Amino acid sequence: MSTTTDSPRHASLPLMVLGHGRELATERGVECPGELPAPSDPGLVERARAAKAALGNSVFVLGHHYQRDEVIEFADVTGDSFKLAKDAAARPDAQHIVFCGVHFMAESADILTSDEQQVILPDLAAGCSMADMAAISQVEDAWDDLVDAGVADDVIPVTYMNSSAAIKGFTGRHGGTVCTSSNAKTALAWAFGRRGGLEGTGKVLFLPDQHLGRNTAVRELGLSLDDCVVFDPHKPNGGLTREELQAARMILWRGHCSVHGRFSLEAVHEARATIPDVKVIVHPECRYEVVEAADEVGSTEKIIKTIAAAPAGTKWVVGTELNLVRRLATQFPDQEIAFLEKNVCYCSTMNRIDLPHLVWALESLVAGRTVNRIEVDPDVAHWARVALDQMLALPGETSKD
């Protein structure tokens, strides 16, 4: 699975106001050799429509919010990763689930759907750099370090939905839970409650996004920045002393989102200086200082709902993936929506799912071939399901990430 690469620089406006001009430097992130249709094929849209019609109810196409418009056009449902996986599970009549997202999302869909259903990822190179920052061997070694430091018995692991099935399985085996960006506060409160609550001695190992873990613990649960340490898997003992591990309440894995991690405090200040009465809304995967400076913070679904509910004339700069921000600007033309950075900030691995790959996957199914099926090892799937079920049992659980 590949990691993301730097997005191309946008050289015009300091803040890219959406709906004006066009983007010449979009990042496709793929080559189209072999059986894949050429991206220049003028008949791709009709081919996708024909293949989907031929498959009928046997295929169910899921489209993540960060996908390209050309792919979203053919999605039966759109949403965030866990919502889409649950949507797939609610369609047992669909033999083929085509997940237009990234690898960890397709894994979750495979875990939650029946053995008779086949989950397909149109391009296997569509990974997630954040999920790739926590390899199972690294996490198991880290747990051994916690054992050696004498703190493992006090630790409950919590992993973000944006993690591999193997990491979800690890979390389930060690009595932890999965969380989304919507219910991270509830998940952390539950985990601390397993070890005496916030006033106790319990700790959380939070995987793999340090920013979501820090933002939730400090801003929503009232812990301090000093209660948080960052575990670096590339350093002995995570780069931490035994005393630091013993004193910490939040042990944050050294991982981040390659898109949301790029938003800066300087960009927030620039937005306020150049756009009168602007409101800044960002995702909680952004860095702590960016989240602190924003007017609104929330999951992808919350960002969409907040903008949808705002009155005409509201001015926004939005700190999340660019495909979604541009779509919001189109959907709500009576508001002024700009992107919170100078640089184009697509999720380059998400963008590997393009129309040629979708057409190839659908036409292969029409021809009786299943390509790029995602299958999670049964033991891993069992323990990952344990962790996911624990999340579903949390008070007021929501399905948005």
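The values are calculated or read from the model by the stated rules, or taken from the named source; none is laboratory data. This structure is a prediction, so every number in the text was calculated from the model and none was measured. FYI the Cβ positions are ideal-geometry reconstructions off the backbone, even for glycines, and counts take in every protein chain you see.
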Could you check the range 306-335 and list, in sequence order, the residues that are buried (at least 16 other Cβ atoms within 10 Å of the Cβ) and in a helix (DSSP H, G or I)? T306, I307, L322, N323, L324, V325, R326, R327, L328, A329
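Okay, residues lined up against (1) modelled with pLDDT under 95; (2) surrounded by fewer than 24 Cβ atoms within 10 Å (Cβ to Cβ); (3) aliphatic (A, V, I, L, M); (4) in contact with an Asp or Glu (Cβ under 7 Å, 6 or more places away or on another chain):
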site: K83; (1), (2), (3), (4): yes, yes, no, no
site: A89; (1), (2), (3), (4): yes, yes, yes, no
site: H96; (1), (2), (3), (4): no, yes, no, no
site: S108; (1), (2), (3), (4): yes, no, no, no
site: D115; (1), (2), (3), (4): yes, yes, no, no
site: Q118; (1), (2), (3), (4): no, yes, no, no
site: L121; (1), (2), (3), (4): no, no, yes, no
Which residue is surrounded by the fewest Cβ atoms within 10 Å (Cβ to Cβ), if the candidates are limited to the range 266-285 and must be small (G, A, S) and in contact with a Leu (Cβ under 9 Å, 6 or more places away or on another chain)? A267
Unmet criterion (only one of (1) under 15 Å from V218 (Cα atoms); (2) crowded, with 24+ Cβ neighbours inside 10 Å; (3) modelled with pLDDT of 95 or more) for S181: (3)
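Hey, among T26, T4, which residue is buried (at least 18 other Cβ atoms within 10 Å of the Cβ), modelled with pLDDT under 95 and outside any helix (DSSP H, G or I)? Walk me through it before giving the result.
Details: T26 fails: buried (at least 18 other Cβ atoms within 10 Å of the Cβ).
Every option except T4 fails the conditions.
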Output the residues belonging to the range 108-134 that are farther than 30 Å from L240 by Cβ and assigned to a helix (DSSP H, G or I). S108, A109, D110, I111, L112
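Just checking, which of S137, S163 is in a helix (DSSP H, G or I) and modelled with pLDDT of 95 or more? Give the steps one after another, and end with the answer.
Values: S163 fails: in a helix (DSSP H, G or I).
The conditions single out S137.
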When every residue in the range 207-248 that is over 19 Å from Q138 (Cβ atoms) and surrounded by 22 or more Cβ atoms within 10 Å (Cβ to Cβ) is compared, the one farthest from the chain's Cα centre (by Cα) is A217
Looking at C100, C128, which is the one that is crowded, with 18+ Cβ neighbours inside 10 Å, modelled with pLDDT of 95 or more and closer than 23 Å to E285 by Cα? C100
Looking at V366, V344, can you tell me which residue is more than 20 Å from A85 (Cα to Cα) and either in the same structural domain as I303 (by TED's automatic domain parsing) or modelled with pLDDT of 85 or more (or both)? V366
